[in-house]
Amino acid sequence: MPNDTGLFPPPPRADIVAAALPGLTGLPKTLPAMLFYDKEGCRLFYEITKLPEYYLTRTEMALLPSILSNIVPPGLTDGMLVEFGGSDETKARLLLDRPDRPFSTYVPIDVAAESLDAMQARMSRSHSWLNVLPVVGDFMQPLRLPKISGQPMGFFPGSTIGNLDPSAAIRFLRTARRSLGQGARFLLGADLRKSPDLLLPAYNDAAGVTAAFNLNLLRRLNTEAGADFDLRGFRHEARWNDAESRIEMHLISIRAQVVRLAGKIINFSEGESIHTENSYKHRAETLVRIAGEAGWDTLEIFQDHAGLFGEFLFQT
């Protein structure tokens, strides 16, 4: 018996097939953004956040330290920081590392189990005083948080809220409110609407990292769902949809071709798109309205000097 398991590829993962197939067999073709974040996808996204064109991360990282004294309730010493989509602790540490240590428990929630495991190992070495309790799961679904007596505070940085259409954003914020409970605060980071001349380069960088991130979806489907995509047959494209106020990411078929996935034949015509992600760029008043419909009251809004990015502090 050969000891090289690579000779025999693993069977397709049913959950990946179930997530991908409906969109690929529909019109127009789509893929869910949750499939971006396997190990390679997480690595590529981390590289994106360091690119010169991607202003979002560095703008938020500069804004957060300036507002720390305004976002945590006075006298909090045993709080629970719950980060939705938290597979990297970089931004959470700005809150966790305050000298007064208002949070004794950190609950990062993400679908990327490997990233959560690695983060927990790092935090156990660097923050031995902190109770780190990762939750592997889809934050769009109702979640049972660890039973900790400390007051919870939700944290959703990075403008991930922009990946949700307005109705889904309302559903998420409503679900988060129920999970966190009455009296909880919620800090939401959001990229704001601005000129496409600044937005588009952030999603179509000169180094091609975003293109690799987008194409990694197809590589993942080949590896985990038994598909046979030819990655050379697709190209990355970022578009600005002004009517919807969003950046759209697409994978464009550069020729007519046939792809097989889980026994299904999927035909592509030349120029046909797989719509892989939206990133809505709301005005501040739109986000306040969305949060209000989900049952949150707005306590304060913070923006950088250029008005590129906003931090929204809500409370139930």
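The values are calculated or read from the model by the stated rules, or taken from the named source; none is laboratory data. Bear in mind that the values here come from a model prediction, so they are computed numbers and not experimental data. Quick reminder, even Gly has a Cβ in these numbers, built from the backbone with ideal geometry, and neighbours come from all protein chains shown.
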Within segment 138-147, identify whether any single residue is of a type in the set (Phe, Trp, Tyr) and either assigned to a loop (DSSP other than H, G, I, E, B) or in the same structural domain as Leu44 (by TED's automatic domain parsing) (or both), and answer yes or no. yes
Any pair with Cβ under 8 angstrom, 6 or more apart, that starts in segment 287-316 at a residue that is farther than 19 Å from Val72 by Cβ and ends at one that is assigned to a loop (DSSP other than H, G, I, E, B): Gly295/Thr316; Gly307/Lys194; Leu308/Lys194; Phe309/Ser159
Residues satisfying the stated conditions in segment 170-225, i.e. among the polar types (S, T, N, Q) and within 20 Å of the chain's Cα centre (by Cα): Thr175, Ser179, Asn204, Thr210, Asn214, Asn216
Residues located in segment 80-116, provided they are in a helix (DSSP H, G or I), among the charged types (D, E, K, R) and farther than 21 Å from Leu63 by Cβ: Glu114
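Here are Leu56, Leu68, Leu76: which of them is part of a helix (DSSP H, G or I) and more than 18 Å from the chain's Cα centre (by Cα)?
Values: Leu56 fails: more than 18 Å from the chain's Cα centre (by Cα); Leu76 fails: part of a helix (DSSP H, G or I).
Answer to the selection: Leu68.
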Can you run down the residue pairs with Cβ atoms below 6 Å, 6 or more apart or on separate chains, where the first is in segment 191-210 and touching a residue at least 60 places away in the same chain (Cβ under 8 Å) and the partner is of a type in the set (D, E, K, R)? Asp191/Lys281; Arg193/Lys281; Arg193/Arg283; Pro201/Glu53; Ala202/Glu53; Asp205/Glu53; Val209/Glu47
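Residue-by-condition table, conditions (1) among the aliphatic types (A, V, I, L, M); (2) more than 25 Å from Tyr203 (Cβ to Cβ):
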| site | (1), (2) |
| --- | --- |
| Pro52 | no, no |
| Tyr55 | no, no |
| Arg58 | no, no |
| Ser66 | no, yes |
| Asn70 | no, yes |
| Pro74 | no, yes |
| Leu81 | yes, yes |
| Gly85 | no, no |
Given the options Ser104, Ser126, Ser87, name the one that is among the hydroxyl-bearing types (Ser, Thr, Tyr) and closer than 21 Å to Leu44 by Cβ. Ser87
Residue list for segment 276-303, restricted to those being touching a Lys or Arg at 6+ places or on another chain (Cβ under 8 Å) and crowded, with 16+ Cβ neighbours inside 10 Å: Asn278, Ser279, Tyr280, Lys281, His282, Ala294, Trp296
Does Leu198 satisfy the condition of being in a helix (DSSP H, G or I), over 30 Å from Ser66 (Cβ atoms) and either touching a helix residue (DSSP H, G or I) at 6+ places or on another chain (Cβ under 9 Å) or modelled with pLDDT under 95 (or both)? no
